[in-house]
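Let me begin by presenting the structure, written as structure tokens, before commenting on it.
Here, each number is a calculation from the coordinates, and none is a lab measurement. On a predicted model such as this, the values are computed, not experimentally measured, just so you know. All Cβ positions, glycine included, derive from the backbone under ideal geometry; neighbour counts span all protein chains shown.
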Amino acid sequence: MDIKKSNRKRHLDTLLTATTWTFAVLTLTALMFIVGHILINGVPHLTPSLFEMRWTTENVSMMPSILSTAMMVVITLCLVVPLGMFTSIYLVEYAKKGSRYVKVIRQATEILAGIPSIVYGLFGSLFFVNFMGLGLSLIAGALTLSIMVLPLVIRTTEEALKSVSDGFREGAFALGSGKLRVVFRIVLPSAVPGILAGVILATGRIVGETAALIFTAGTAPNIPQNLYGSVRTLAVHMWSLSGEAFHTNEAYATAVVLLLIVLIINTVAAAIAKALNSGRIK
Amino acid sequence: MIRRARYEQELRDISDKLVLMCRHIEVAIEKCIKALVERDADLAQEVYEEHNLIDKLEREIEHACMRLLVMEQPVAGDFREVSAAMKMITDLERIGDQAWDIAEITTQFGDAEYLKKLEHIPQMAIIVIQMVKSGVQAYINRDLDLARSLDAIDDKVDDLFNIVMADIIALVKIDPDNAEQAIMLMMITKYLERIGDHAVNVGEWVEYAITGVHPKEE
Amino acid sequence: MNMTELKDKVDLWGTDNNSKTRTSERVAVDISYRAHDYNLAVRDCNLYYSDFQALKNVNMDIAQQEVTAFIGPSGCGKSTFLRIFNRMNDLIEGCRISGDIHIGGQDIYAKDTDVSLLRKNVGMVFQKPNPFPMSIYDNIAYAPRTFGIKKRGELDVIVERSLKQAGLWEETKDRLKKSALGLSGGQQQRLCIARALAAEPKVLLMDEPTSALDPISTGIIEDLISELKAQYTIIIVTHNMQQATRVSDKTAFFLLGEVVEYNKTIEIFSKPKDKRTENYITGRFG
């Protein structure tokens, strides 16, 4: 019995190992470089004046933008989560498998997911800002972002619902439950972690978005009085600062804060995903 | 919760029936010997009833064992217990037959006086009754020593058999007219000796049930 | 042939003659079986999955307070047949069924049947233990809550009784608030049995309830079935011949959607009438 590895096979193994290592290191280096670059250039410029409640041309405070971002996230999620959730519940629990209608909805969400955000911005500007007369405003921005992240919410919720074992559904039906009770008492609670993970991913998208917001929510640097006021989120704020030659340092400082927020969101998402996996039965 | 409650119950039923079968055998042997000694034809007739009951119990136990084999597929000790019971009842049933055979012979002596006082035959009967009881008891109590003791007891039965035979030969030699009664007594003695052998068989199956090895295999 | 015509010909369903009273009772309390009368009767049942005929002209009477085992090779229709009794086949798209299926004299496929109430009365235990991802208590209380029992005291009584019936009370009484998913496989399956019992069913359907369990848990569940049969009509689908003989009073052998043989278990396993049954139960199938 000859079970020795041939030389050729051994060399191929070494080559493949070396290649994978090289690329992994390259990727890591690029990431380290970007983070390092932002931290080195940003952290020294994180001054208290950047966190003042009112923005002036002097302090170029990012505090109003941080709060605006939070508002934008909350309003967008309020719009998109119910819409996306009920759509997915329909698709997974109610629609007939393989019906044309479902296929059309799936196709539409796929396409929506693939559209560049600038296109959403343009659409929002034409439809919400001009046609509906909402102007450059918090609400116009939120509506635009809702449409943008809707596919994401639908897909993640769908996956979360599908991952709920059919055994639960069967068991609940066999105990005399109606459809509604099965969906809301059994399926949805089991899918909550998955849905939450999707919501957090959507939050990440909202926080990081600029292109779709510049044309819909505008760039007003202070906290708006109402839903119809123009706002700038943190990402837009950074984009504005970097456009002005005088505020490169402040832009870096903003980037540090943005990075931190995104990091927190991702960590939470990962933690929830982990909880989801450990909570499920084999 | 008791595990395999149904199986245990059915096994208990079989044991109960075995005990009952053993009682009837005891009574049958007692009655046929009493019928012989006291020349009681009615008593001899009663043995027939006992014999019938023993046959009926054999079929019942057999049926229960077969049912258990099919329905519960016992293995290991459980399997040996059931199969030993099935083999044992064949021997026990034969004992019942022999008791009835003895009873039948007792009715054929007519009014003739016995050639000699019946002494060893009742002794043999007492021993074989005890042997049958021990065999069944050994099964119920899983008593290996008791089961193994039967072989030695059977030697006593054989000794008595030889004594009776010698007596009968002597009687026939004295007067050939005695031959008729001598043959009948000889047959009764032989049946009792056979009962002892069957009881030994029972003991051997008990040993198989307990140890997994039938003594004749060794 | 509709029910009334059939009934005029022969009293197939074992119902009494005053069927008028029975109908009015049904209107009043919907599906509520009389304690002494929930035998199952199937006449000329055919079932199709789209173009595939899964059951062919099945006729069967199942006595109450007996354990009936369905055996047969995979895909023979035994699970499908089991599921007609609580209409779980309704959930499968493209599934059509014809024939008369009666439980306790009532046509369970009648237009005015409340499927929820039917399933309350005809409980089911599945192949894979499927406790809900909630506490042990909430699992058991699920069905009673579905049917409007909300009072804590009442639920407590039901939970304790059901767990005791399933022989799980001693093991779980101190951890009722803990997740049911923390139980072992065998315990989970007994929990599922308890959960079904909490709905106070009359009939219990078990679809290979022990095939995912180890021999010890299997033995415990088999003993449990023997205990429960005093109160419930039980049907069990099994691939395990020994299980069929150990727990059931009657056995039906299915092959290619047909009932080949249906008889007392002892008869089926000691002297089957059909050669195909003999081949299957002796492992010489094919």
Among A:166, C:90, which comes first, second and so on when ranked by fewest other beta-carbon atoms within 10 Å?
-> A:166, C:90
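If you take each beta carbon of peptide B:44-57 and count the beta carbons of other chains within 10 angstrom, what is the mean?
Average neighbour count from other chains, rounded to a whole number: 0.
Taking beta carbons within 10 Å but only from partner chains, what does the mean come to for residues A:164-171? Working shown, then result.
Values: counts 1, 4, 3, 8, 4, 2, 8, 13.
That works out to 5 on average.
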Check the straight Cα-Cα distances from residue C:229 and name the lysines below 28 Å, setting aside those fewer than 8 residues away within the same chain.
-> B:17, C:78, C:120, C:128, C:164, C:173, C:202, C:250, C:264, C:271, C:273
If you take the charge dipole of the protein assembly as shown about its Cα centre, with +1 on Lys and Arg Cβ and -1 on Asp and Glu Cβ, which of B:187, A:108, B:206 is farthest toward its positive end?
-> A:108
Calculated from DSSP helices alone, with each H run of at least 4 adding -39500 (n - 2.57) and the total divided by the residues of the protein assembly as shown, [θ]222 nm to the nearest 500 comes to -20500 deg cm²/dmol
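For the protein assembly as shown, what does the alpha-carbon gyration tensor say about shape, rounded, prolate or oblate, given a ≥ b ≥ c as the root eigenvalues, a/c under 1.5 as rounded, and a/b over b/c as prolate?
On the way: a/c = 3.90, a/b = 2.57, b/c = 1.52.
In terms of gyration-tensor shape, prolate.
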Taking the Cβ of residue C:259 as the centre, find all other residues whose Cβ is under 14 Å away and add up their charges (Lys, Arg: +1; Asp, Glu: -1).
-> +1
Relative packing of peptides C:71-80, C:155-164 - highest average C-beta neighbours within 10 Å first | C:71-80, C:155-164
Distance in nm between pseudo-label sites at residue A:162 and residue A:23 (7 Å out along the Cβ direction from Cα) | 2.6 nm
Peptide B:58-67 - average C-beta neighbours from other chains (10 Å radius) = 1
Prolate/oblate/rounded label for the range A:127-199 (Cα gyration tensor, a/c 1.5) = prolate
Which value in nm describes the separation of the simple spin-label points at residue B:117 and residue A:102, placed 7 Å from the Cα toward the beta carbon?
-> 10.3 nm
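Arrange the following residues from fewest to most other Cβ atoms within 10 Å of their Cβ: B:32, B:22.
Numbers: B:32 30, B:22 25.
Lowest count first: B:22, B:32.
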Tell me, A:45, B:24, B:120, A:37 in order of fewest to most beta-carbon neighbours within 10 Å?
-> A:37, A:45, B:120, B:24
